[in-house]
Amino acid sequence: QQTLNREIWVNQSRVIGVEFDQFTNRETFYDARRTPILIVAYDQSGLPKSYYPTNGYPVNITYDRFNRVEGWAWGPAELKYSYDRHGLLSEITSQQDGIVSFVYNDWNLVSEIGLASQRKFVLQYDDAGGLRHVVLPSGTRHSFSMQTSIGFIRCTYTPPGSTRAYLQHYSHAGALLQTILPGDGARIVYRYNAAGQLTEVVHGDGRSEFQYNEATGMPSTVSHTERELEYRWDFEYAAGLLAEERIDYVAKTGLSNAKFSYEYDSQLRVVALQGRIGGQSLPTQAFAYDPRTGRPSLIGQFRFSQPAQNQTQLHDGTASFTRTVDGRFQTQRMALAIHRLEVFRMEFSYGVHGRISQTRTYTRNMAVNSYTNVKNYTWDCDGQLVGVEAQEPWGFRYDDNGNLLSLTYRGNTIPMEYNAQDRIVKFGEGQYKYDARGLVAQNAREERFHYNTQGLLVRASKRGRFDVRYYYDHLKRLTTRKDNFGNVTQFFYTNQQRPYEVSQIYSPRDGKLMSLTYDDVGHLIYAQVYRHKYYVATDQSGTPLMLFNQYGEGIREIMRSPFGHIVYDSNPYLYLPIDFCGGILDQVTTLVHMGDGRVYDPLIGQWMSPDWQRVAERIITPTRLHLYRFNGNDPINVGHERHYPEDFAAWMRTLGYNVGNLVPQLARDLWQPPALWGRPPANPVALNLRRPFDNIPTMAVESGFLAHLNVRRMSDFEQLSAPPRSALKCDVMDPSPKTIGSDTEPPFGKGIVVSRTADGQAIVSSVPAANAIYRDVYTSVFNRSKLLPFTFVVHNAQQDSFFFVKEDAWRATEDRQQLKRLQGQVNTTFHEITREATVGSGPAGAANGGAGSSSSSSSSSGGGSSSNTGNYLDVKIHGAHAIINLRYGTTVAKEQQRLMHHAKLTAVRKAWHREKEALRSGLTTALEWSQQETDEILKQSYANNYEGEYIHDVNLYPELAEDPYNIKFVKKKGATGGAAGVPNSRRRRRRSTDLIQEEEEELHREADC
């Protein structure tokens, strides 16, 4: 028997040690002073049976005879697990919440999740085990699909009650190529350099361009342009660390520039921040770190101390913030004292699983008056908040899908109604309206909202009351707010660890600067404007409750509903926009801007836009599946996790140790350049460079040098632990689906691959297992044809349309005979088009981006007739998710010009349709139309004196050719309203009307086919 020791040293100093005693099967983790942090006891099989954290409740784990977890207990918390005869997790039992059950299909994939409330969620799969549907208790369903297509991987997600999908195209290397939002086809296009780095993000409203240092690969410049906002963001580095960043706005924006500089210590941690906003220099903000825990020991003027093992204190000589935790390291007490007089205290009581059951808030205003506010919280067995007992009680009622059916306040009940897509349509007597993408366009107060292509809120207005505009940076962070009274507010973010944390708020109009300071967990504690100093008392979620001046006087008190809506504000004129959960409150609209560009409505506890991106993450926790609801209807315990920490890294965080500060080489951001496009998407393809929605680990190919480096460096704390975990054994405690997205057949069938050479030729390859008829026909017809370098997305993003060209029309007869072999298996149509009719005939479903007319007749159009008369022959092959278009007798250049011409007509028509629908519904439009123009649009679907033009060059970004968000309305030349402009206007109008009518006819023919 022996004792094994491992230690981590940084800069000749020991920071962490691990000792494993083989005799007692105990593993002890030490800090720099050799003080035990955590003791782990293992059984004879090498499984952890107990965790003994310093100054905390021990965790005890029991196993059955097959070494499966039977249950665990951590203080008052306890869970028990049951398994079926195949060894799969079947039940999780809680004394407080009841039983959550799992049912499996014949392939041992979870097919039903039953909650303690008897709600059931059904999971359906394809034959390959890919998740196809999640059926909700109401019968509606979330749908996922994945298809290997020509040049990309196509992933779709269709929300409940909708036929319009959220679509993403990925390269086979895992890079996101484009995103198409549900509804009217708003597109976001991504471009990369040869090294796989993101270089452009383009959408109808704007464009972000990213440049990198050739020597280091680090980002050097971001150029961002959108409507009414343009800036250049430059980065400078020292030894790979960000040393300076400069933000320069274009003069016409009227915004102030900024510069921030960072200094680091020998352990690569920020120790000083300096900056300048407009003409004002920021005072140097200093940082220091505890060498034992890695936690901050100094943040600006605040120093940290630890009066007791379970207590931390921040103080600046005037105020002190104290936080005390319990045996499960949950906040038990928070207090603020100014000049040694306690002016605020909040105490928490918890239920069995760590949900807050009671809060007691004590407030004193310089010993003049003090009061206690007690709130008791009630939850249902699924963790949804159902009631608050307080001086002003609240009650909530939900349906089986998680929609809030009614809220009760002061004895008054407000009912709500929802549609099949789980969107609120009625709040009391007020109506909610949505745009085509499902974003809230009008709320119950008749306030109107307008969004850009990315779904970010860019305008909020109410006639005769307010008109507010919002602007965002390339990370989707709110950077500027402007209103109709001329007020301009800029927001700046300088915390590299928490990039969505507002650090400065600046008004360029009057030079007013507000600097904000946060504690170690990201809660606001201090704000300074000129010489005015404010100390902020927050709740457990970082929501400000009271503001005090440096004399201890309470100068602002805010009371909110449980979901964050302000019901009382003692001093609303004192501007401090940090609000619910640390978001940015707009006092005019009462909406809260959160990270990642999402906007939250605290009145109803919902997001203004659906969360399509992260649905795949939440499948195994169906209470979080709702696209609009906030935190599974639990606004009190944001970020709460009822499970115990399972590995050393999680224990370190729980115990208050900052691993990244202690051992900087373990921080991921030191080995990867910073993300330039917001938070990583939930889709694992962008994170792990593998197939979308696929959670199965795969083998990766990398250079020998990089492999050598990865072996030499320690990538995580798991390598410190003595008993290694199996890399092959599946975790039965995680029944989540391993593959998200049902596998759909490729455009030419399984086993048939189409690639495009540098000169545009299509090469058809196949494997022996491919369908023999498909292989012969497609190889004969499409091999060596020309494949156009773009695709269109048609039929509400249900299908991709590909375009092939053969210049020799005489091949049509032979190819047609080949294609007839597919009859009965594939829907193939032929159509002959006279050359004189090509201007008006349009592509197959021109509005849909198809090629050629879409007549379903296949008996009158032979290749001989095309060859003799000089006509075109169009062939269309219709698949479930793709349309293959082949045109004979034309060139690639001509076909591309023709398709682009009709794509523009389609985009313009869709843009006018959006305007018409917005006007009809009384919503915000792209332009402020006069009454005459409004009547014209409502009557004839366009305004006489305006025409649509592209915003971005579709030759560079052909994906945007059919995007109505890439269209802007401009006044026609000579359209002054005078007599001289009338004939020209009428001619253009007549021609435009004819083209639109032709487009509609093509659409009808396509639908018939």
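The values are calculated or read from the model by the stated rules, or taken from the named source; none is laboratory data. Small disclaimer: the values here were computed from a predicted structure and weren't measured. Virtual Cβ from ideal backbone geometry, glycine too; neighbours counted across all protein chains shown.
Below, the figures for the structure above:
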{"item": "Residue list for the range 131-151, restricted to those being touching a strand residue (DSSP E or B) at 6+ places or on another chain (Cβ under 7 Å) and either free of Cβ contacts under 8 Å to residues at least 60 places away in the same chain or closer than 18 Å to Thr621 by Cα (or both)", "result": "Leu131, Arg132, His133, Val134, Val135, Leu136, Pro137, Arg141, His142, Ser143, Phe144"}
{"item": "Residue match in the range 194-203 (condition: within 18 Å of the chain's Cα centre (by Cα) and among the β-branched types (Val, Ile, Thr))", "result": "yes"}
{"item": "Residue in the range 3-17 that is of a type in the set (D, E, K, R), modelled with pLDDT of 85 or more and not in a strand (DSSP E or B) present", "result": "no"}
{"item": "Matching residues in the range 775-799 - criterion: being farther than 19 Å from Val753 by Cβ and aliphatic (A, V, I, L, M)", "result": "Val793, Val794, Ala797"}
{"item": "Leading residue by the ranking (surrounded by the fewest Cβ atoms within 10 Å (Cβ to Cβ)) among those in the range 485-502 that are touching a strand residue (DSSP E or B) at 6+ places or on another chain (Cβ under 6 Å) and of a type in the set (Ser, Thr, Tyr)", "result": "Thr494"}
{"item": "Failed item, numbered, when Leu255 is tested on (1) surrounded by 19 or more Cβ atoms within 10 Å (Cβ to Cβ); (2) assigned to a strand (DSSP E or B)", "result": "(2)"}
{"item": "Enumerated strands (runs of 3 or more DSSP E) restricted to the range 427-535, each holding at least 2 residues that are aromatic (Phe, Trp, Tyr)", "result": "448-451, 466-472, 488-492"}
{"item": "Some residue of the range 865-888 being in contact with a Ser or Thr (Cβ under 6 Å, 6 or more places away or on another chain), of a type in the set (D, E, K, R), surrounded by fewer than 20 Cβ atoms within 10 Å (Cβ to Cβ) and modelled with pLDDT under 95", "result": "no"}
{"item": "The listed residue being hydrophobic (A, V, I, L, M, F, W, C), surrounded by 18 or more Cβ atoms within 10 Å (Cβ to Cβ), more than 29 Å from Lys476 (Cβ to Cβ) and in contact (Cβ under 8 Å) with a residue 24 or more places away in the chain, out of Phe260, Phe304", "result": "Phe304"}
{"item": "Residue count, the range 334-358 (criterion: surrounded by 20 or more Cβ atoms within 10 Å (Cβ to Cβ) and either among the hydroxyl-bearing types (Ser, Thr, Tyr) or outside the structural domain of Leu545 (by TED's automatic domain parsing) (or both))", "result": "1"}
{"item": "Filtered residue count, the range 48-62, keeping only those that are touching a residue at least 60 places away in the same chain (Cβ under 8 Å) and surrounded by fewer than 17 Cβ atoms within 10 Å (Cβ to Cβ)", "result": "2"}
{"item": "Answer from Thr140, Thr93 - the residue that is buried (at least 16 other Cβ atoms within 10 Å of the Cβ) and farther than 20 Å from Asn401 by Cβ", "result": "Thr93"}
{"item": "Selection status of Arg629, free of Cβ contacts under 8 Å to residues at least 40 places away in the same chain and closer than 22 Å to Phe580 by Cβ", "result": "no"}
{"item": "Close pairs from the range 63-79: first at negative phi, partner among the small types (Gly, Ala, Ser) and surrounded by 16 or more Cβ atoms within 10 Å (Cβ to Cβ), Cβ under 6 Å, at least 6 apart", "result": "Leu79/Ser94"}
{"item": "Sole exception among (1) more than 21 Å from Tyr518 (Cβ to Cβ); (2) at pLDDT below 95; (3) in contact with a strand residue (DSSP E or B) (Cβ under 9 Å, 6 or more places away or on another chain) for Gly279, by number", "result": "(3)"}
{"item": "Filter result (out of contact with any strand residue (DSSP E or B) (no Cβ under 7 Å at 6 or more places or on another chain) and in a loop (DSSP other than H, G, I, E, B)) within the range 594-608", "result": "Leu603"}
{"item": "First in the range 546-570 and under 27 Å from Gly317 (Cβ atoms) and in contact (Cβ under 8 Å) with a residue 12 or more places away in the chain, second anywhere and surrounded by fewer than 19 Cβ atoms within 10 Å (Cβ to Cβ) and basic (Lys, Arg), Cβ under 6 Å, 6 or more apart", "result": "Gln550/Lys533"}
{"item": "Per-region count, the range 206-244, residues in contact (Cβ under 8 Å) with a residue 40 or more places away in the chain, under 30 Å from Gln665 (Cβ atoms) and not in a strand (DSSP E or B)", "result": "3"}
{"item": "Selected residue [closer than 29 Å to Gln332 by Cα and part of a loop (DSSP other than H, G, I, E, B)] from Arg65, Arg33", "result": "Arg33"}
{"item": "Tally, over the range 541-574, of residues that are of a type in the set (A, V, I, L, M, F, W, C), surrounded by 15 or more Cβ atoms within 10 Å (Cβ to Cβ) and in a loop (DSSP other than H, G, I, E, B)", "result": "1"}
{"item": "Every pair of residues 6+ apart whose Cβ atoms lie under 8 Å, when the first sits in the range 80-94 and is outside any strand (DSSP E or B) while the second is small (Gly, Ala, Ser) and surrounded by 14 or more Cβ atoms within 10 Å (Cβ to Cβ)", "result": "Asp84/Ser90"}
{"item": "Pairs with Cβ under 6 Å, 6+ apart, first in the range 935-956 and within 16 Å of Val970 (Cα to Cα) and touching a residue at least 12 places away in the same chain (Cβ under 8 Å), second among the charged types (D, E, K, R) and in a loop (DSSP other than H, G, I, E, B)", "result": "Asn945/Lys972; Glu947/Lys972"}
{"item": "Residue in the range 13-24 that is surrounded by fewer than 14 Cβ atoms within 10 Å (Cβ to Cβ), closer than 21 Å to Gly294 by Cβ and polar (S, T, N, Q) present", "result": "yes"}
{"item": "Matching entry among Ala215, Ala286 (being more than 24 Å from the chain's Cα centre (by Cα) and at pLDDT below 95)", "result": "Ala215"}
{"item": "When residues of the range 571-602 are limited to those that are touching a residue at least 24 places away in the same chain (Cβ under 8 Å) and of a type in the set (D, E, K, R), the one nearest to Lys476 (Cα to Cα)", "result": "Asp596"}
